[in-house]
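The values are calculated or read from the model by the stated rules, or taken from the named source; none is laboratory data. Computed from a prediction, not measured in an experiment: that's the story for all the values here. Cβ atoms come from the backbone with ideal geometry, glycine included; neighbour counts cover every protein chain shown. Surface areas here come from the heavy atoms of the whole protein model, side chains and all, with no ligands, DNA or RNA. Shrake-Rupley method; radii C 1.70, N 1.55, O 1.52, S 1.80 Å.
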Amino acid sequence: MKKITSLIALAVLLLASCSKPARIITAHSYEELKGTVIGTYNGATVERILSSHAEECGYRVEYHTDPASIIQGLKNGSIDLMTVRFPEFKAYMHSIPGLYLVWDSLVVDDQFVLMSMKNNELKDQFNEWLELPETRQMIQDSKDYWLRPYGTPDPAPKDYDVPTGGEPIHIASSFTVVGTTYISNGKPAGVDIDVLYGFAKYAGRPVELLNMPTLSILAAVQTGQIDMGVSGFAMRNDGSMNENMLVSDPYNRASHALVGYSEELAVQQMKEAGLYKETNFFSNVSDAFRRTFIEEDRWQMIAGGLWLTVRISFCSLVFGTLLGALICAMRLSRRRFISGTAKVYVEIMRVVPILVFLMIMYYAVFSSMGVSGEVVSVIALSMSMAAFVGDVFCMAIQGIDRGQREAGYALGFSKKQTFFNIILPQAARSAQAVYNGQVIAMIKATSIIGYIAVLDLTKAMDIIRSRTFDAFFPFIAAAVIYYLITVVFVRLIGWLLDMTLPKKGSAVAPELVIKPAKKTNAPVSWEHSVQDRETVLSVNGLRKVFEDGVTVLKNITTDIHKGDVVSIIGPSGTGKSTFLRCLNKLETSTEGTVTMHGISEDEMRRHMGMVFQSFNLFEHLTVLENVCIGPMKLLHKSREEAEMRGMELLSAVGMANKATYMPGQLSGGQKQRVAIARCLSMDPEVILFDEPTSALDPTMINEVLTVIRELAARGMTMLIVTHEMKFARNVSNRVFFMNQGVIYEEGTPQQIFTEPQREETKRFIQGISKFDYSIVRDYDYIDMSNCLEQFLMHHMIPQPVVDRTMAAVEELLQLFRNGSGCVARIEAGACLTVRYIEQSQSTELQLSYSDKLPQILSDTGREDDLSITLLRSYTSVLEESAGRLYAKIQSD
Ligand code: ADP
Ligand code: MG
C-alpha cells in the first residue's frame with residue numbers, strides 16, 4: 001500500500017513536470033511586458049532593473065537560484081519569460097528546443113573574476129593577461145566553441161594542460177550554467193573554465209578547482225579561503241563589489257535577453273533537426289532517467305556523491321552519537337557549571353540553523369586551517385546532531401523510573417553496573433525511535449554540505465539538473481536514494497541494538513520449566529525465643545536528617561536476630577521506609593551505624609534483599625532474566641547454573657510457567673512474587689519488604705503474603721513494613737510500632753495488637769479497625785463508599801461481609817435522608833462509624849446523630865418499607881436509641 005501511494009506521488013510529480021503549451025510573446029519595452037511573469041536570478045543586475053519597472057508596468061518578477069528551475073517554470077507555464085545573458089542563450093538553445101528570443105538588450109553588463117583582498121598581485125597579473133590580444137582571441141574562440149545553436153553537435157570537453165609545480169591557485173566555480181561553467185562528460189567545461197585554465201597557464205601555476213554554489217563563492221573569496229571565483233559573476237561596473245574583495249577587469253561583456261518558450265516551436269525545431277519523437281509518460285520518465293544517470297556516464301558523479309554522503313553520514317553518526325553521550329553525561333552532572341555548559345551548547349545548536357552553522361564553521365572557524373570541506377561537514381553535522389541526541393539520551397535516562405535504579409542498587413550492583421546493566425538498555429530502547437528520527441534528520445541535513453565545496457549527492461544532482469534542465473527527475477531520484485540511505489542506517493542501528501542489548505522474551509530451554517510448587521497456608525510456629533539466636537543485623541543510634549532539615553529517624557537502636565520476622569507498622573510518614581532504606585544504604589544515615597554480622601560494609605547490600613512496594617522488576621528483562629541477572633553479573637555464576645537456580649526459585653513462588661514473560665505481561669501480584677524470587681536469587685541473609693502488598697488489588701494480596709509466609713516458615717530473616725495487620729500478627733515474631741521517627745513500642749504480636757502499652761500504639765491499633773465518616777449536608781457519597789470499601793478490603797474481610805456492609809450502609813443513609821425529620825437531620829449532620837471485629841470476622845455500623853431529632857427507623861413512610869426490610873436482612877442486630885442507630889452485620 002505504502003509503495004503504491006509513493007508511486008502515485010512520483011507519477012503526479014513527473015506529470016507536473018511535463019510541458020504545457022505557452023503562447024508566443026513579443027515585447028520590446030517594459031510596458032509591453034504587462035501581465036507576464038518573468039523568472040530571473042536573485043542579486044543579478046538585471047533583476048534590479050526589471051523589478052524597478054515591475055509595478056508600474058504590471059508584470060511580476062520571480063526569483064530563482066538556478067537556470068534549471070527557471071526553465072522548468074517556462075516549460076510548465078508558471079513563468080512566461082526568463083532573463084538570460086545573450087551568449088548563454090545560444091547554449092540553452094543548443095540543449096532546449098523551443099526557446100525563442102523576445103527582447104535582446106535589456107541591459108548590458110560585464111563578467112568579472114573575483115579575488116580575495118590578499119591577491120592584489122594575482123589581480124594585476126590577470127588584468128595584464130586580459131590585455132593580450134591572444135587572450136581576447138582565445139575568449140572569442142571559446143564562446144564560439146561552447147555556445148552553439150540547437151541541432152549542432154555537443155561541444156566535447158577539453159583537456160587542459162596546466163603547469164604542475166608551484167603554489168596552486170585555489171579557484172571556485174559553481175558548474176551550474178551550461179556553456180559558461182558546467183560539467184560535461186564528468187569534466188569541467190565552459191567559457192569560464194577556459195578562462196581560468198588559460199590564465200593559470202599564463203601565470204605558470206597549477207589549479208585547485210573547487211565546486212561551490214554562487215553565494216558560497218562570495219563568502220569564500222571574502223574570507224580568503226579561495227584565491228579566485230570564476231562563475232559568470234556579472235554586474236554593471238559600479239564598483240559595489242569592491243569593498244570586501246578584488247574585482248578583475250571584465251573578461252566578457254554581454255547583454256541580457258528576455259527569452260520565452262513554445263511547445264510548438266520545440267516540436268518544429270526538433271523535426272527540422274530530425275530529432276523529434278512522440279513522447280508519453282513512460283518515455284518521458286525513461287528519457288529523464290537516461291539523461292540523469294546514463295548520458296555522459298553521469299551515474300559516476302552520482303555514485304561519487306552518494307559515497308561521500310554515506311561516508312559523511314556515517315562519520316557524523318558515530319561522532320554525533322559519542323558527543324551526544326558526552327553532552328548527556330554533562331547535563332546529568334551534579335556540578336552546575338558542567339550541566340550549565342551543556343545546556344547552553346544545546347540551546348545554541350537548537351536556534352542556529354544548520355546551514356548557518358556549517359558556513360560559520362567553514363568560513364570563520366576553520367577557514368585558515370586548511371581543513372577540507374568533508375571534515376568540516378562531519379564536525380558541523382556531528383556537533384549539531386550531538387545537541388539533539390544528547391537531549392534524547394538525557395530524557396530517556398531521566399524517563400527510567402527511579403525504582404529501577406534502586407532495585408539495581410538493592411540487588412548489589414554498583415552505580416556503574418546499575419547504569420550499564422539496568423538503565424542504559426532500557427533508555428536505549430526507549431530512545432531508539434526518537435534517536436532514529438535524529439539520524440534521519442542528520443542524513444537529510446547532509447544535503448546542504450554542497451555549500452562548502454563538497455560534491456555530495458544533492459550537489460551532484462544539482463549539477464546534473466543544470467545540465468539536463470530536468471527540474472524534477474533528479475530530485476525525485478535523490479529523494480529515493482536518501483530514503484534508501486536512511487532505511488539502511490536505521491536498520492543498522494536496530495541491528496546493533498539487537499546485538500548488544502538483551503532481546504525481548506529470549507527463550508528458555510523447555511526442560512527448565514518446572515511445575516509450580518504447592519502453596520502452604522500454614523501459620524508459622526516459633527520454637528526459639530529471641531535471645532537464643534545469633535544477631536544478624538545491629539542498628540545503633542541511627543539518625544536520618546534530610547537535606548531540608550527534617551529529622552525523619554531519631555536514634556534507632558535494635559538488633560535483628562537470625563530467623564526474626566519483624567513487622568513494622570505505624571502511621572504513614574513516620575519513617576518506616578526511610579528506616580529500611582537506611583539499613584541497606586539506599587539512604588545514607590546522618591548518624592549511627594548499621595552492621596551485619598561478619599560482613600564488610602561494602603558487601604552488605606548484596607546480602608540484604610529488598611522488595612519494593614512498586615515491584616521494580618527490570619522492565620527490559622524476562623522474568624527468568626530478572627532472577628538470573630544478579631547471580632550472573634555479581635556472583636559470576638554461569639548462565640546454566642543461574643537459570644537452573646532461577647527456575648527453582650520461580651517455581652517456589654509459583655511463577656515458573658511465566659519464566660519467559662516480560663514484566664509488562666504480569667499482574668501486580670505476579671510481579672511481586674518475581675521480585676521476591678529475584679531477591680532470593682542472591683541468597684540474602686535478610687530481606688527487607690517495604691509495603692509489598694500496598695500497590696496490589698485486594699485479590700492479589702494473598703498470593704504475595706503466602707509467599708512471604710512460606711519464607712518465614714523456612715526461617716528467613718525479614719523486616720516487613722506492612723499495613724496487613726492480620727498478616728503481621730500471624731507471621732511475625734516481633735512487631736515494631738514506629739511513630740515519628742522512633743520505634744515507639746516493640747513487642748510480640750500478642751503484646752502489640754492486644755495489649756498495647758503506650759498511648760499512641762493503642763490509638764493506632766484501634767484506629768485502624770475503625771472507619772469514621774461525617775455525613776454532612778453536601779458530603780460525597782461516592783467518596784465515602786470508596787473509602788469504606790478500601791477500609792474493608794484492607795482488613796481482608798470476607799467478600800460477602802463486605803457486600804452486606806456496603807449494602808447496609810447504603811440503605812441506612814437512604815433512610816437517614818427520608819422521613820419527616822429528614823431536613824433537620826441532614827442539617828444537623830451525623831457520624832457514620834464502621835468497626836471490624838477481628839475475632840468474629842464481622843462488622844458493625846453505628847450512625848450517631850442529634851438525639852433531639854426523630855428516630856430514623858420509626859420515622860418512615862411507605863416507600864421506606866423496602867429499605868427497612870433489606871436492612872434487616874443484612875443485619876443480625878438492628879437497634880436504635882435516641883440519636884444512635886446500631887447494626888451488626890451478619891457474618892458467614
Ligand atoms: P513511611 O514509610 O513511614 O510512610 P517515609 O520513611 O517514607 O515514611 O518518610 C518519612 C518522612 O521523610 C516523610 O515526612 C517524608 O516526607 C520524608 N522524606 C522521605 N524521603 C525524603 C527525601 N528524599 N527528602 C526529604 N524528605 C524525605
Ligand atoms: Mg513508606
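In order along region 208-218, the phi-based Karplus estimate (6.51 cos²θ - 1.76 cosθ + 1.60, θ = phi - 60°) of 3J(HN,Hα) comes to 10, 9, 10, 10, 9, x, 3, 4, 5, 5, 4 Hz; Gly and Pro are listed as x. Placing a pseudo-label 7 Å from each Cα along the Cα-to-Cβ vector at residue 415 and residue 369 gives an inter-label distance of 3.3 nm. Taken over region 730-887, the ratio of Cα radius of gyration to 2.2 N^0.38 Å equals 1.21.
Modelled spin labels at residue 95 and residue 264, positioned 7 Å past Cα toward Cβ, are 2.8 nm from each other. Seen against the Cα atoms of the chain and their longest principal axis, helix 2-17 is set at about 30 degrees.
The residues of region 632-729 present an accessible area of 34 Å² per residue when probed at 1.4 Å with all protein chains retained. Ligands, DNA and RNA are left out, and with a 1.4 angstrom probe the accessible area of region 242-354 is 58 Å² per residue. Of all aspartates and glutamates in the structure, those lying under 16 Å Cα to Cα from residue 633, and not within fewer than 8 positions of it along the same chain, are 603, 625, 641, 643, 683.
The value for region 339-424 of Rg(Cα) / (2.2 N^0.38 Å) is 1.54. Highest mean packing comes first when the peptides 794-801, 734-741 are listed by Cβ atoms within 10 Å, giving 734-741, 794-801. Solvent exposure of residue 483, expressed as accessible area, is near 130 Å², computed with a probe of 1.4 Å over the protein chains only. Counting 0.36 nm for each residue step from residue 833 to residue 633 and taking away their Cα separation leaves a gain of 66.6 nm. Each of residue 348 and residue 128 was given a label point 7 Å from its Cα along the Cα-to-Cβ line. The distance between the two points is 4.5 nm.
Give the carbon-plus-sulfur fraction of the accessible surface of the chain in %, rounded to a whole number; probe 1.4 Å, heavy atoms of protein chains only. The value for the chain is 55 percent carbon and sulfur by accessible area.
Between amide H atoms placed 1.01 Å from N, distances below 5 Å from residue 252 occur with 111, all of them 5 or more places distant or on a separate chain. Largest first and in whole Å, the equivalent-ellipsoid semi-axes of the chain read 86, 35, 25, each the square root of five times a Cα gyration tensor eigenvalue.
As I understand it, the value is the acute angle between the Cα axis of helix 45-57 and the longest principal axis of the Cα atoms of the chain; what does it come to in degrees, rounded to 10? Compared with the principal axis, the helix lies near 80 degrees. Rounded to the nearest 10 degrees, the inclination of helix 639-652 to the longest alpha-carbon principal axis of the chain is 40 degrees.
Among rounded, prolate and oblate, which fits region 612-717 when a ≥ b ≥ c are the square roots of the eigenvalues of its C-alpha gyration tensor, a/c under 1.5 means rounded, and a/b larger than b/c means prolate? The shape class here is oblate. Here the calculated FRET efficiency for residue 78 and residue 31, from their Cβ-Cβ distance with R0 = 25 Å, stands at 0.65, rounded to the nearest 0.05. With 18 Å as the limit on Cα-Cα distance, the pairs of 415/544; 726/762; 90/459 that go past it are 415/544; 90/459.
In this structure, residue 164 and residue 661 have a Cβ-Cβ separation that, at R0 = 41 Å, corresponds to a calculated FRET efficiency of about 0.05.
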